[in-house]
Amino acid sequence: MAFFLETLLGGLMAGMLYSLVALGFVLIYKASGVFNFAQGAMVLFAALAMARFAEWVPLWTGISSPIAANLIAFIIAGGLMFVVAWVIERLVLRHLVNQEGTTLLMATLGISYFLDGIGQTIFGSDIYKIDVGMPKEPIFAFESLFEGGVLINKEDLYAAVIAAVLVAALSLFFQKTATGRALRAVADDHQAAQSIGIPLNRIWVIVWCVAGVVALVAGMIWGSKLGVQFSLTTVALRALPVVILGGLTSVPGAIVGGLIIGVGEKLSEVFLGPYVGGGIEIWFAYVLALVFLLFRPQGLFGEKIIDRV
Amino acid sequence: MSKKIGDVILDVKNISLSFGGVKALTDISFNVREHEVRAIIGPNGAGKSSMLNCINGVYTPQQGSITFRGQSFKHMDSHQVAVMGIGRTFQNLALFKGMSVLDNIMSGRNLKIKSNILMQALRIGPAEREEIMHREAVERIIDFLEIQAYRKTPVGQLPYGLQKRVDLGRALAMEPQVLLLDEPMAGMNVEEKQDMCRFVLDVNDEFGTTVVLIEHDMGVVMDISDRVVVLDYGKKIGDGTPDEVRNNEEVISAYLGTSH
């Protein structure tokens, strides 16, 4: 029982991190109807910026406290993501208003390569470390209930809490505010949104900026777990099934989808693995996503796809 | 009709618009007076929607200017147009399909919402009051358009005629001074057309909104409009009261064809 619980908790916390990346996809999709292929590149770019500035800031300013250095690096990287959002809107999106979704998708593919390249040109392409001082040592919970207790990785726990807070704030923003409503309106129809006075350009900057900050937080957490390197972009690929499962248009969907996949991966690996041979963790999410595409293409919480003939 | 028609509010001068070699509009001038119902008619491809899209800022005409309330523009910017108080509906519906009727119409209040994001998210005092105020305004529109029963329905699920009403409702929520209606009755049956006519006239009457509408149904146009502009192949061939236009030779030949 304790072992099951341990696996479950581990899965939940890993799932929270998937949710965080998935959230970036959902945000931009909700607000512009674009599937943002560049989300993975944004995560890498943000993480690179964060890692390098955390190195550089003490050298430039002589600040020795790692907390202060990390904080400053986080703020600079956040500012940089804002600049990236602004530039993307200026140079790319502004010229593609009222275009087909596919056109915009291709544009984000271009942005993705560009960000990968420029990120590594500016910040270097080695493996860097982000150390925000998250505790690494595990803790043992429920020791009174089970013998030996349940082992929880403290770092994962912190990461999950950060992700949960971010996700809660964003759902509130989308569902309860007029700006959130305006964002949803833009996603549905650019032209109509403009006709009722929603400033498309500003909305796009806002949403890419928010997605940038989400990418930064995701990059920071994943980066401190895995190290900041090019393979970080593949984290975005892990989030794809989450988005399909939860629905491209749903913030809560991204969370629940992330949790289901996180838990599913871990449980199936541990309990099914011995029977069918290991490695389930690698493909489980994708197979689950495939099943969903067949039977419920809009995902668990996505807006129902309505088409009149 | 006993309503008061005011001064010129919208003045379109010498508008020419072409797409490559195709001339959509050639040297079109006409004006719209405050509180009137002004119709733009013409056969298919006459340039009616292009004209509306120029006023609305979707297209930028190569020549000419548009004067709204004394301010002259070479190019209208879609967002700016909305801020100035010009609302519009679309020929091919452009509603926010995944959102409810309520949310669609609420989104029309976007420009009127003053409280900031943080206050809205936390529902602090003024934001809450503001939301309620806007919700009341939207409820009045819902009552007016008789779509109470569909408040929470995603608009994508509504029949076409009702979607057209929601489109009108969203534009009304802006409380525009000028309302541009692009074929509000296209594809409707007689009953739905009558309803829509009633709504357009009521909007014009009760709120004093100036209405510019494009319409194909001559019966409807002659009944509800004060003045009519007739376009054919991107040129203006007639302008005047319904009676004047009805008796205009050129208009008759454009619509009925001439015998040679």
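The values are calculated or read from the model by the stated rules, or taken from the named source; none is laboratory data. In this text, all values refer to a predicted model and were calculated from it rather than measured experimentally. Please note: Cβ atoms are built from the backbone with ideal geometry, for glycine as well, and neighbour counts cover all protein chains shown.
Points to keep in mind about this one:
- Exactly one residue out of B:P159, B:P154 is surrounded by fewer than 15 Cβ atoms within 10 Å (Cβ to Cβ) and either free of Cβ contacts under 8 Å to residues at least 60 places away in the same chain or in contact with a helix residue (DSSP H, G or I) (Cβ under 7 Å, 6 or more places away or on another chain) (or both), and it is B:P159.
- The residues of the stretch A:50-70 that are free of Cβ contacts under 8 Å to residues at least 24 places away in the same chain, part of a helix (DSSP H, G or I) and not polar (S, T, N, Q), listed by number, are A:W56, A:V57, A:P58, A:L59, A:W60, A:A68, A:A69.
- Considering the stretch A:165-195, the residues that are among the hydroxyl-bearing types (S, T, Y) and either surrounded by fewer than 23 Cβ atoms within 10 Å (Cβ to Cβ) or under 17 Å from the mean Cα position of the chain (by Cα) (or both) include one that is farthest from the other protein chains (Cβ to nearest Cβ), namely A:S171.
- Considering the stretch B:188-229, the residues that are within 17 Å of B:R246 (Cα to Cα) and of a type in the set (G, A, S) include one that is modelled with the lowest pLDDT, namely B:G219.
Results for (1) outside the structural domain of B:V221 (by TED's automatic domain parsing); (2) without any contact (Cβ under 8 Å) to a residue 12 or more places away in the chain, shown as yes or no for each residue.
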position	(1), (2)
B:L102	yes, no
B:G108	yes, no
B:K112	yes, no
B:E128	yes, yes
B:I132	yes, yes
B:Q148	yes, yes
B:M188	no, no
B:C197	no, no
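- Per-region count, the stretch A:196-215, residues β-branched (V, I, T), within 20 Å of B:D103 (Cα to Cα) and part of a helix (DSSP H, G or I): 2
- Wholly within the stretch A:80-195, helices (runs of 4 or more DSSP H) carrying at least 1 residues that are β-branched (V, I, T) and in contact (Cβ under 8 Å) with a residue 12 or more places away in the chain: A:101-123, A:154-176, A:178-188
- 3 or more residues at pLDDT 85 or above: qualifying helices (runs of 4 or more DSSP H) within the stretch A:225-278: A:234-246, A:251-267
- The criterion of being of a type outside the set (D, E) and touching a strand residue (DSSP E or B) at 6+ places or on another chain (Cβ under 7 Å) does not hold for B:V220.
- Count of residues meeting criterion [assigned to a helix (DSSP H, G or I) and aliphatic (A, V, I, L, M)] in the stretch B:198-250: 9
- Test: residue in the stretch A:129-138 that is of a type in the set (K, R) and touching a helix residue (DSSP H, G or I) at 6+ places or on another chain (Cβ under 7 Å): yes
- Any hit, the stretch A:246-269, residues being of a type in the set (D, E), surrounded by 20 or more Cβ atoms within 10 Å (Cβ to Cβ), within 8 Å of chain B (Cβ to nearest Cβ) and touching a residue at least 60 places away in the same chain (Cβ under 8 Å): no
- Picking from residues in the stretch A:202-233 that are touching a helix residue (DSSP H, G or I) at 6+ places or on another chain (Cβ under 6 Å) and within 26 Å of B:G85 (Cβ to Cβ), the one that is surrounded by the most Cβ atoms within 10 Å (Cβ to Cβ) is A:W204.
- Among the candidates B:L52, B:L93, B:L17, B:L10, residue that is in contact (Cβ under 8 Å) with a residue 24 or more places away in the chain and over 25 Å from B:L201 (Cα atoms): B:L17
- Test result for B:G169, on the phi > 0 side of the Ramachandran plot, touching a residue at least 12 places away in the same chain (Cβ under 8 Å) and within 14 Å of another protein chain (Cβ to nearest Cβ): no
- The single residue among A:A47, A:A73 that is out of contact with any strand residue (DSSP E or B) (no Cβ under 8 Å at 6 or more places or on another chain), among the small types (G, A, S) and assigned to a helix (DSSP H, G or I) turns out to be A:A73.
- Filtered residue count, the stretch B:42-67, keeping only those that are surrounded by fewer than 17 Cβ atoms within 10 Å (Cβ to Cβ) and within 16 Å of the chain's Cα centre (by Cα): 0
- Strands (runs of 3 or more DSSP E) lying entirely in the stretch B:57-133 (those with 2 or more residues that are modelled with pLDDT of 85 or more and within 13 Å of chain A (Cβ to nearest Cβ)): B:86-88
Okay, residues lined up against (1) acidic (D, E); (2) within 20 Å of B:E34 (Cα to Cα):
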position: B:M188; (1), (2): no, no
position: B:E191; (1), (2): yes, no
position: B:D195; (1), (2): yes, no
position: B:V200; (1), (2): no, yes
position: B:V211; (1), (2): no, yes
position: B:D223; (1), (2): yes, yes
position: B:V229; (1), (2): no, yes
